[in-house]
1. Over the chain, with a Gaussian network built from C-alpha contacts below 10 Å, which listed residue (Thr47, Thr120, Thr57) shows the highest mean-square fluctuation?
2. Quick one: work out the % antiparallel among DSSP beta bridges in the stretch 93-227, nearest 5.
3. Output needed for the stretch 155-295: three equivalent-ellipsoid semi-axes, defined as square roots of 5 times the C-alpha gyration tensor eigenvalues, in descending order, whole Å.
4. For Tyr180, what accessible area in Å² do you get when you roll a 1.4 Å probe over the heavy atoms of the protein chains, rounding to the nearest 10?
5. Per residue and in Å³, how big is the convex hull formed by the alpha-carbon atoms of the chain?
6. Along the charge dipole of the chain, Cβ charges K/R +1 and D/E -1, which of Ser152, Asn109, Leu221 sits furthest on the positive end?
7. Assuming a viscosity of 0.890 mPa s and a temperature of 25 °C, what translational diffusion coefficient in µm² per second does Stokes-Einstein assign to the stretch 17-63, Rh being the Kirkwood radius over Cα pairs?
8. Do any chymotrypsin sites (Phe, Trp or Tyr not before Pro) in the stretch 1-43 lie in a DSSP loop with no more than 10 other beta carbon atoms within 10 Å, and if so, which?
Amino acid sequence: MVTDRYAVVGNPIAHSKSPFIHQQFAQQLQQNLSYETLLIEQSVNETAEQVFKRVLTSLFKQNFKGFNITVPYKQVAFEFAQIKTPRAQLAGAVNTLYLNEQQQIVGDNTDGCGLVRDLTERYQRRITGRSVLILGAGGAVRGVLEPLLALSPSRCVIVNRSLLKAQELAQQFDVLAQQYLPTKQLEAIEYSQLNGQLFDLVINGTSASLQGSLPPLPEQLFTPNGWAYDMMYSAYPTPFMQWALLHEAARALDGLGMLVEQAAEAFYLWRGMRPNTDVVLEAVRALLRNNAPVLENIEFPPEIGGYQGRPEPTRFGDWEHKGRCIDY
């Protein structure tokens, strides 16, 4: 029996948890497939687009069935795909590639549905009718805006250090905002304008947690039952999660569930089957914990969605080696 081949493509790639996740999916659903990491090296003689096209075209000819795409190639993969799904078009980026029945290369983006499923299905968090604040205006945020807006929050605000970048993103999603938001507007503001505003859900889409830092947030930001969600993940609570609980968030979650759910959506696109993600999520958490530095066994309160352990006493850095990531 021929084994179907899949891979995650990026640079760097050694830190990726995707092979472990997809191997868990395959075992659970008894699928005959392999999944590996593929590092695409930069070239002085070729552009990133040229290298990506050359390598991926060759791999598809070697009977690879599909790929997950991580930094820095999501926009390149968007240009490479022959057909873009509507959610890939909206995100302007592709994190999943596969061949359709006509052997055309299809590009999709599963980031947004991964976040929404983690929040609304795993944690039963209602977004419809609630106020949502999104920190950051980069590619990670772009990928999740459409499914968030489609749930019709009462209000949705993007805050960014560069107001112009936030305004540009809000303008790009203006049609969806008018369709789904009661206010008919996706708001864009600077961090200084957050003073005095409270939100039911605050999503960190910045990379600040990777450097062990935080955006410039006010002391009060959460409604009495407000939740915090960090799109980054770690073996231990991220700086944003810790800050949120210290500032009266009712719950603080990391993005590991988003990672597993977006992988499950890619698996479904490839194989037509949906795995049980809860058991895989627990397995990935155990993997992160086992590879992390040994710390004192001091438990966090149950409001933290993630590993129940003490935060590292040292600076949150060196994310590739310590298991921090936002992506595949």
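1. Thr47
2. On the way: 4 of 18 bridges.
Looking only at bridges with both residues in the stretch 93-227, the antiparallel portion is about 20 percent.
3. Here the semi-axes work out to 29, 22, 14 Å.
4. Surface accessible to solvent at Tyr180 totals approximately 60 Å².
5. 138 Å³
6. Asn109
7. Taking Rh from Cα pairs, D becomes 194 µm²/s.
8. Numbers: sites: Tyr6, Phe20, Phe25, Tyr35; in loops: none.
Hits after loop and neighbour filter: nothing returned.
The values are calculated or read from the model by the stated rules, or taken from the named source; none is laboratory data. Quick caveat, the model's predicted, so the values are computed rather than measured. Glycine also receives a Cβ, built like all others from the backbone with ideal geometry; neighbour counts cover every protein chain displayed. Note: accessible area is taken over every heavy atom of the protein model, side chains too, but ligands, DNA and RNA are not part of it. Shrake-Rupley method; radii C 1.70, N 1.55, O 1.52, S 1.80 Å.
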